[in-house]
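Here the structure comes first, spelled out in structure tokens, and everything after it is commentary.
The values are calculated or read from the model by the stated rules, or taken from the named source; none is laboratory data. What you see is a predicted model; the values in this text were computed from it and never measured. Neighbour counts run over all protein chains shown; Cβ positions are idealised from the backbone, glycine included. Only protein heavy atoms, including side chains, enter the accessible area calculation; ligands, DNA and RNA are left aside. Shrake-Rupley method; radii C 1.70, N 1.55, O 1.52, S 1.80 Å.
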Amino acid sequence: MRCHIPAARRGLLLCLIPFLWTLAFGLWGLSRQDSVWRDEAATWQVAGRSAGEIWRMLGNVDAVHGLYYLLMHGLFEVFGASTTTLRLPSVLAVAAAAVCVAVIGRRLAGFWAGLGGGLALGLLPAVQFYLQEGRPYALVAAGAGLSALLLVSLLDDRPGRRAWPRWTAYGAVVLVCALLNWLSLLVLPAHAATLWWVRARRGVWLRWAAYGSAAVAGALPLVLFSRGQSDQVSWIPPLTWHMLIGPGILLAVGALGAWADRPDRSRLSAAAVGLPLLAVPQLGLVGLSLVQPLFLDRYVLFGMVGLALLIGAALGAAVRACAPRFPKASALLVPGVVGVSVLALLPVAVDKRAPASRVDDVLAVAGEVARLKRDGDAVLFMPAARRDTALVSPNAFTGLTDVALAESPVASATLKGEEAQPARIREALLERRRVLLVTDSAKVAKVPSAERDKAKAAVLRERFAVVEDRQVRGRRVTVYERRD
């Protein structure tokens, strides 16, 4: 069915509607009731350091997120540290990705396919989770959308039009995404599958290989260096069959969308772009996880751009099928499906915007510390990574002494600082009458394994008594007083 909107306005609406739609979804409940969880706390506390301090830290930890931390540092310097500054870049990135989906969909499958795909992206549950996340995964999704759009423009090009500026932009976008998260390089084999699908000319293959190789070469130093910091992902569990259920469902939905598009072999279509973008990164990450456990859905969030494109293609096909018999009703099909989807996914959307959707909340536990503390009290963090709450909310810990800390995170160029030896921690604790312990809630707490944490727990158990215990949003504050 042809859309009865003037052509001059159609392109503007196609970009504007998905952008504003996704932006509205992102701004809804952006602060998540003033909560920040542990992953975002890492972004917050690193972004608050100077550029030099961030650079020194990257030599020890989190080099894989270095570009993102420097970007957020600049934003914190200009706009100040807040949940809005922390999350708005992700909101804008997903909104930009929605525009890319809409433009690709319209170019390959018509107006309604573009509009439906652009509106669908922000509704996907996985995207809704990271839409409001102070981490780099939404930015990578925007880059994947832009690189796919550039590839489509190059494959569906007019004769005589200069291609090298777009190939250069393509390579640059792939490189920037790799510097934000080098697993995004899985987009390259996805694009290779698209080139094979449409039987691209030899010249296109050579240019893609050249610019893609340049992007890989630019990211290779980061890839090799960050491999030396692989302990950061040692907590990821080995791949199991039940972990593949979610990706399997996504691939099945994507295959249905590709079937609805009914692509001809060798023709550039939404299926030829969307299905590889959805499937290849998922399968690639599964393959990598057989060598080293790495399977986390956020690492391939950018594949949701392909799923949205396939959903849009299916909606466009449905409109075309209905148009001959129900011309007026077919124009309401996409808005109707989107409306029903909003209502069906409303509980999911509300849940994603609640503090309980994350493992913990560093701001809530800082508030409990501020209420329970007395000047001169000691404070302990177990494990040491829970010190993030003091780094994000230092005012709540004013007047407390971090008795285990030997060197601050900034001075040690680490995320959590360097703690003293167990014997020194024990001595420092025995000099105190009152101690506040910040740890995980009972539901998620683990038995201490580090020697320092064992020493902390032993001293508190032997020489102190619990006088107050508060659990809030995945974390726990326990007040101890010395028995003697």
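For this structure, a couple of remarks:
- Neighbourhood charge, 9 Å Cβ-Cβ cut-off, centred on residue 407 and excluding it, Lys, Arg +1 and Asp, Glu -1: -2
- Gap separating the Cα centres of the stretch 423-447 and the stretch 206-246, nearest whole Å: 37
- Separation of the residue 31 and residue 408 label points, Cα + 7 Å toward Cβ, nm: 2.8
- On Cα atoms only, tilt of 187-197 relative to the major axis of the chain in degrees: 20
- For the stretch 389-421 versus the stretch 18-96, the inter-centroid distance based on Cα atoms is 21 Å.
- Degrees separating the helix 66-79 axis from the principal Cα axis of the chain, which is the longest one: 80
- Once the C-beta distance of residue 424 and residue 230 is scaled by a Förster radius of 41 Å, the resulting FRET efficiency is 0.85 to the nearest 0.05.
- Amide N of the stretch 320-361 lying under 11 Å from the label point, which is placed 7 angstrom from the Cα of residue 441 along Cα→Cβ: 355-361
- Extension gain from residue 202 to residue 55, taking 0.36 nm per residue of separation minus the Cα-Cα distance: 48.7 nm
- Shape class of the stretch 363-406 from the alpha-carbon gyration tensor: oblate, with a/c at 1.5 or above and b/c at least as large as a/b.
- Theoretical ellipticity at 222 nm over the chain - DSSP helices of four or more residues, -39500 (n - 2.57) apiece, nearest 500: -19500 deg cm²/dmol
- Taking the DSSP beta bridges with both ends in the chain, the antiparallel portion is around 70 percent.
- Computed about the Cα centre, the dipole magnitude for the chain is approximately 1580 debye when only Lys and Arg (+1) and Asp and Glu (-1) carry charge, each at its Cβ.
- Leading residue at positive end of dipole, the chain (Cβ point charges), from 369, 225, 382: 225
- Straight-distance crosslink candidates among lysines, where the alpha carbon sits under 22 Å from residue 446 and sequence neighbours closer than 8 are dropped: 416, 454, 456
- Long-range HN-HN contacts of residue 469 with modeled amide H, under 5 Å: 479
- Annotation: per residue accessible area for the chain equals 44 Å², rounded to a whole number [probe 1.4 Å, protein chains only].
- In sequence order, the stretch 375-383 has phi-based couplings of 4, x, 5, 9, 10, 10, 10, 9, x Hz under the Karplus curve 6.51 cos²θ - 1.76 cosθ + 1.60, θ = phi - 60°, and Gly or Pro positions carry x.
- Long-range HN-HN contacts of residue 402 with modeled amide H, under 5 Å: 379
- Carbon + sulfur, % of accessible area of the stretch 336-462 - ligands and nucleic acids excluded, 1.4 Å: 57
- By definition, a body whose alpha carbon gyration tensor gives a ≥ b ≥ c is prolate when a/c is 1.5 or more and a/b is larger than b/c, and the chain fits this prolate description.
- Computed from Cα atoms, the angle from the helix 270-291 axis to the main principal axis of the chain rounds to 30 degrees.
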